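The values are calculated or read from the model by the stated rules, or taken from the named source; none is laboratory data. As the structure is a prediction and not an experimental result, all values here were calculated from the model. Counting neighbours? That spans all protein chains shown, and the Cβs are built from the backbone with ideal geometry, glycine included. Please note that ligands, DNA and RNA were not included when accessible areas were found on the heavy atoms of the full protein model with its side chains. Shrake-Rupley method; radii C 1.70, N 1.55, O 1.52, S 1.80 Å.
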Amino acid sequence: MACEVRTVKLSVIGLSCLQKLITHDAVAPSALKEILSTLKNHAEMTDESVQLKTLQTILVVFQSHLHPENEENTAQALGICLRLLESNRSSDSVRNTAAATFRQAVALIFDHVVCAESLPTSKFGSGGQISRTGTVTSDVSRGINRSESLENEYVAGGPSLMRETVTNAGKLGLCLLEDLTALAAGGSAIWLRVSSLQRTFVLDILEFILSNYVAVFRTLVPYEQVLRYQICSVLMTSIRTNAEPEGEAGEPSFRRMVLRSVAHIIRLYSSSLITECEVFLSMLVKVIFLDLPLWHRILVLEILRGFCVEARTLRVLFQNFDMHPKNTNVVEGMVKALARVVSSVQVLDASEESLAAVAGMFSSKAKGVEWSLDNDASNAAVLVASEAHSITLAVEGLLGVVFTVATLTDEAVEVGELESPRCENDPPAKCTGKTAALCISMVDSLWLTILDALSLILSRSQGEAIVLEILKGYQAFTQACGVLCAVEPLNSFLASLCKFTINFPNEMEKRSALQSPGSKRPEPLVDQRENIVLTPKNVQALRTLFNIAHRLHNMLGPSWVLVLETLAALDRAIHSPHATTQEVSTAVPKLMRESSGQYSDFNILSSLNSQLFESSALMHLSAVKSLLSALHQLSDQSLAAASSAFGPASSQKLGSISFSVERMISILVNNLHRVQSLWDQVVGHFLELADSSNQHLRTIGLDALDQSICAVLGSDGFQDNIPTGTHGRSQEMGTRLAELRALECSVISPLRVLYFSTQNIDVRAGSLKILLHVLERHGEKLLHSWPNILEMLRSVADVSEKDLVTLGFQSLRVIMNDGLSTIPANYLHVCIDVTGAYSAQKTELNISLTAVGLLWTVTDFIAKGLIQEPEEKEAGVHSIPKQKDGEKAEEQALGISNNVNDQASLTNMVDYDKLLFSVFSLLQKLGADDRPEVRNSAVRTLFQSLGSHGQKLSKIMWEDCLSNYVFPALDRASHMAATSSKDEWQGKELGTRDGKAVHMLIHHSRNTVQKQWDETLVLVLGGIARILRSFFPFLRCLTNFWSCWESLLLFVKKSTLNGSKEVALAAINCLQTTVLSHSPKGNLPMPYLNSVLDVFEFVLQKSPNYTGNAAGKVKQEVVHGLGELYVQAHRMFDESMYTQLLAIIDLAVKQAIITTDNFETEFGHVPPVLRTVLEILPLLRPTEQISSMWLILLREFLLYLPRSNSPLQNEEDESEHTSSSDHLPDAHMKVKDDMPNGTASISPTKVEAPSLSSVSTSSLTAGIPSYLFAEKLVPVLVDLFLQAPEIEKHIIFPELIQSLGRCMMTRRDNPDGALWRLAVERFNDILVDDIKRLTVNGGPTESIGKPARTRIWKEVADVYEIFLIGYCGRALPSNSLSSVALRADESLEMTILNVLGDEILKSSIDAPLNILQRLVFTLDRCASRTCSLPIETVELMPSHCSRFSLTCLQKLFTLSSYCKETDDWNLARSEVSKISIMTLMDRCQYILNRFLVDEVELGDRPLPRARLEEIIFVLQELARLIIHSDTAVVLPLQSYLKTGLAEENQDKRPHLLVLFPSFCELVTSREPRVRELVQVLLRLITRELALEKVSLTS
């Protein structure tokens, strides 16, 4: 009722209330007709609000339960909307609302149809809208998702068969569809009762229906018929461009809607509308090339672009048309059309601007921003933008096709029709499956067109976004081709892509036209002298290439060659000093370039380059082989080109070869887990390069082979390549070991093949260097390849090239020093033989010497493995006592025990005895080498080995060594030394000077072959000495040792007679060393010691037969050896052996004296042999067991002191000797009775022990001028005498005193000599020593008889008497003595006087009275020198003579005096004092009287000074002299005087009374000093007589 009022306000309120009632279902369906009538009336009202409210109410009706069910109501409701839409009186808002209401009403009607027909209810948005702010990749992804949803929904929700009957709702929708079709065609709608309607709007509604209700058209036949015959007809008519369109049909909006509708039909209904869609597509493709407005072509391109980016659409189209033989290849046509659009950029006037605009559009899309022109852009700019837009759409369409193909290929992989590039199996030979076949067909028909277009736009574009997008397309299509195994497209795309990887400016400028993108890319010419600039496009293209290679590494196969050529060029560019990136100019200084970020790209590319080959570990085995084949092919191509190229081109080819080799190595290193399958392929090429005629290529090949072998051997697969126990091995372990064996042999065999297959020295040297590296780094891992290695090294030893021999030996040295413990046991003998070959080679001496040293290393290793039998251990090893190297032997033994477990298996297989003998055999052969250095080294090594490891050898082994190696070596060396040439050799020629040859200087001891063999012989003897020193106790237990010893003794005898000095000395030292080493330990049996003495005696006995320096050295060594022999073996010597020893030494002395070279003695040198005798003499002290030998020893050498030449004197000495010895037996018998064991007894035979000398001593001593030997002998004999036992000392004491006396007497004949001085000193020493012994012992020992002591004192008195009187204090002739020497002689005279006067006569000695008298009288006779001479002679006497006389006179005063505080008065002292006082009184009386006589005779003339000094000295000493009461008894005084003096005077000077008369005579002397002294003496006499107390008054 409110509505019927028809006022605006009430109508609005009424319609609002009506809407609410309908919404809440408060209106019955029967009221619909009345409501529609009301709404129709309100629609005719002119008020806008009422019209809008009316449209709103209509929409509410369609949305509620009042939805019209019959045609009339539906037509009436829709008619209201259309009339408002078309009414001229309607405002814009009403029209827009009416259009929206109509659209929603149509949607609700078709929703009702879908519901009524039980069709799928899902709706799909418009698929024709393209994105202007996204990339092609994202559009393809969205297309894929939308297509999948459509397929899934349709299959799940609708029937599988179409239906011809429809429901009432379906009929309503059909009527509506037919009317809309009629309106779109420009006609009238009968059912809707509309005469005309805007066609654009109607097409929009139809496009909405077609795109959102696909199920209706696919399921219901009536709808499908309308679509096929009506809608398609209308669209075909509308899309035609053969006539100028009129009115609305020519507007862009209408064209856009027509094209969108056509696009939906093609996209959604092409499967059912085959013919119609084919027509549509053909028309669309043709439109592009018609002369139509640019916007029209852009619209068509947008449609085609939409088809291309939708994978499902493109798939359906291709399946329905291109793959159907009767249909047109519409997809191929679309792609070609798009490609033509892209290629139009070449003919455009503003192509550069268009390309820049295209790049800008792609860049904007990449950033998510819509690209637009400025508002004030010119028409030209708009035209350029439009052209760029069309090109952009064409490029995106092509990229859409590319990504669609890639997407479909991925789908085929997912469903299992194709193998994934990452699968573990090899790719199938042929693809199966619908999707796979579709993809292959699409690639085959489209790839060339796509490649042409994309390569063109890529070559002309510089924008980062478009380049990236196109390169993504390249990558996607190439990967798809790889998965599909489409070789030709794959290669073409790769070749095209590779063109853009590295930019060479010079070439790009010279090129006038692009090469065909389908052709193979030629090798770029990289000149290292040109600047190489990598643009961002190059970098991205390289990254794309890397991505493709990573993705398709299992699929590329032969196509790898294309990739590798580019990577090789990249590698050269990266390492080029002139390469740079576009961001930094080449004019920038190098320092700034290095500090900039330009090298980040190079680093990244280099890393990618390396990672590509490192990832080969993830490839199929067949793929890896293909990659290696490609590298091989690239290297071969470069190798062929390099042989004919020159300069930079040749360098480029060598760079490619180097790249190939490096990448092969990288592949090998990263595929070590399956290297056996790749090894031959890789190494084969390396061997080809190594055998090349080009030096650089040989180096590359050898280095590659080195790296490859070391990499394989250093892999984890070889870590377990260690022998283990044989038990418990499974079959798998055996298989594994077999594989390792085969692999090891295949890895090492190329070295052998390379060495033996060529005669090139460099190649052979390279193979040996590789072998050296292998052994140094991985030698311990090798087990099965040793035969090849050792055979190779053995052959090297025989070549004449020094460098090869050196390299081969370096490898051998590594084996012998570090690898013996890891070499299998059955190859050890081969190692020894090879070492022997290097020792014997004549190419390089140092190598031979070092190889001999390696044999020592072998023996050391073998010794560690020697495990002897228990019996042998007990009988052999354990019987060897600890020697000098005992600690070392123990350490070796411990080392063996610790390694028993590790070497157990080897020990069971190896005959170490045999190995050791093989080494000894080699050393023995080398010991006969004609090079002295080699044979000497071999001899040293042989004996060092025996000496170091002899404790581990059994008896049997030692017997073999002695009989087969040791003494045969001695015999051979001796024979060679005896038979070799004695011709002098000038030495190696070093060059020429002034036309004359210059030779190397050679020492005279080695300048002949014989002398060199003598040196070898010396080494052999030294080795034997070492063995005997170390193992003599063990060796003497061997059965054949005594015969060996005898042969050694025989050789020593021969060598000393016939050999050189060095040989003779070495032979003697050999024996001496053995004796000295084992005598102290008691390990030397007596026969061996006797044999050595016999040899020494033989040597000296035969020595007169030869002379010279050599003989002297031999004698000297023999004598020295005897001394050391006795020191070490003195416990073993008995009297006979000691006598033999002395006889030998005596023989040496006599021979030395007889053969003395006067030239030596003239300069005061004792001959060497005698010097040696003097050195050993102190060592020959007899032991207690042979103490009787002291007499023989001392007497023997006393004979070499000077003897008296007077026969009378000789007889005198003999008579004295005999008479004195008559008293000895009794005394000695007494000693024997006193000693229980009789050890201290002295037998007459001892006393009269004969001399060993058989030659006149006088004749011998005469042979040595100036008593040189005696001078050296005296101190030695005295020292020996002082060490002798007491009995033997007293027996020989007189003889020693006699000998020393005779030495002292040589002063007369040789006052300048040292003999008499030494004799005096040693004479004093033995007397002082004897006095000290007497003082300490309180007299002589009981074992010494008095006659023996008497004889001693007699000889002492004789010596003093003769020497002091005859040779001291006298003016002896001497022209050579200096004042210093004279003072020294005078001091020595005073010393002997002091010993006599202070030490002997003042001590408590056991000398008889007559001896004491002789000693005192001797002093008196010496004191009388001055006073006994005539007055005329005194003046001529030297001063030292008067001083000597006064000293003797002083000794008399001293002996006569007595001091209570200092003197130790005893019986001997008392007797000496009595004798001295009487002698002194007589001498003083004579001196005083002589003075008075001389004074009278001289008259007024003065007395000689000596005489005056003497008288003054006497007077002074008389005044000082105080005598003991015992001494005063003997004075010639009256008894009453003696008694009176004794009672009163304490300081007794009764001797003054004896001289009183003389004093009285001297009172009248002219000398004041004499008178003064006499006055003093008279006062002393007065005091002595006590007259000073007498006075006249008393």
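Quick notes on this structure:
- Nearest-10 value in Å² for the accessible area of Ile1153, using the 1.4 Å probe: 10
- All other residues whose Cβ lies under 13 angstrom from that of Gly836 are scored, Lys and Arg at +1 and Asp and Glu at -1, for a net of -1.
- Accessible area per residue for the range 1344-1414, computed on protein heavy atoms with a 1.4 Å probe, is 40 Å².
- Residue-count net charge about Ser1079 - beta-carbon cut-off 12 Å; Lys, Arg +1, Asp, Glu -1: +2
- Amide H within-cut-off set for Leu220, under 5 Å, with H built and near neighbours excluded: Arg163
- By accessible area with a 1.4 Å probe, ligands and nucleic acids excluded, highest first: order of Thr1183, Thr97: Thr97, Thr1183
- Under-5 Å amide H pairs with Ile532, H placed in peptide plane, nonlocal only: Ala579, Thr580
- Accessible surface ranking that places the most exposed of Glu1389, Glu414, Glu353 first, with a 1.4 angstrom probe: Glu414, Glu353, Glu1389
- Counting only protein chain heavy atoms and rolling a 1.4 Å probe, the accessible areas of Thr535, Thr992 rank, largest first, as Thr992, Thr535.
- Applying 1/(1 + (r/R0)^6) with R0 = 41 Å to the Cβ-Cβ distance of Asn41 and Asn327 gives a FRET efficiency near 0.15.
- By accessible area, using a 1.4 Å probe on protein heavy atoms only, the range 910-985 has 51% of its surface on carbon and sulfur.
- For Ile1365 and Ala640, the difference between the fully extended length at 0.36 nm per residue and the C-alpha to C-alpha distance is 249.0 nm.
- Computed from phi, the 3J(HN,Hα) profile of the range 1515-1521 under the Karplus parametrisation 6.51, -1.76, 1.60 (θ = phi - 60°) reads 5, 5, 5, 4, 5, 7, 5 Hz, with x in place of Gly and Pro.
- Computed from phi, the 3J(HN,Hα) profile of the range 217-228 under the Karplus parametrisation 6.51, -1.76, 1.60 (θ = phi - 60°) reads 6, 7, 9, 9, 4, x, 5, 4, 5, 4, 5, 5 Hz, with x in place of Gly and Pro.
- Counting heavy atoms of the protein chains alone, His975 has an accessible area of about 110 Å² for a 1.4 Å probe.
- Of the whole protein surface, Asp930 contributes about 110 Å² of accessible area at a 1.4 Å probe radius.
- Cut-off under 5 Å, modelled amide H: who pairs with Leu418 long-range: Val413
- Listed cross-link partners Lys537/Lys653; Lys1053/Lys1150; Lys955/Lys1011 are compared with a 29 Å cut-off, the Cα-Cα value being larger for Lys955/Lys1011.
- Each residue of the range 624-636 was assigned a 3J(HN,Hα) from its phi angle through the Karplus curve 6.51 cos²θ - 1.76 cosθ + 1.60 (θ = phi - 60°); the sequence is 4, 5, 4, 4, 5, 4, 5, 4, 4, 5, 4, 5, 5 Hz, with glycine and proline shown as x.
- Applying 1/(1 + (r/R0)^6) with r as the Cβ-Cβ distance of Arg674 and Leu292 and R0 = 60 angstrom yields a FRET efficiency of 0.45.
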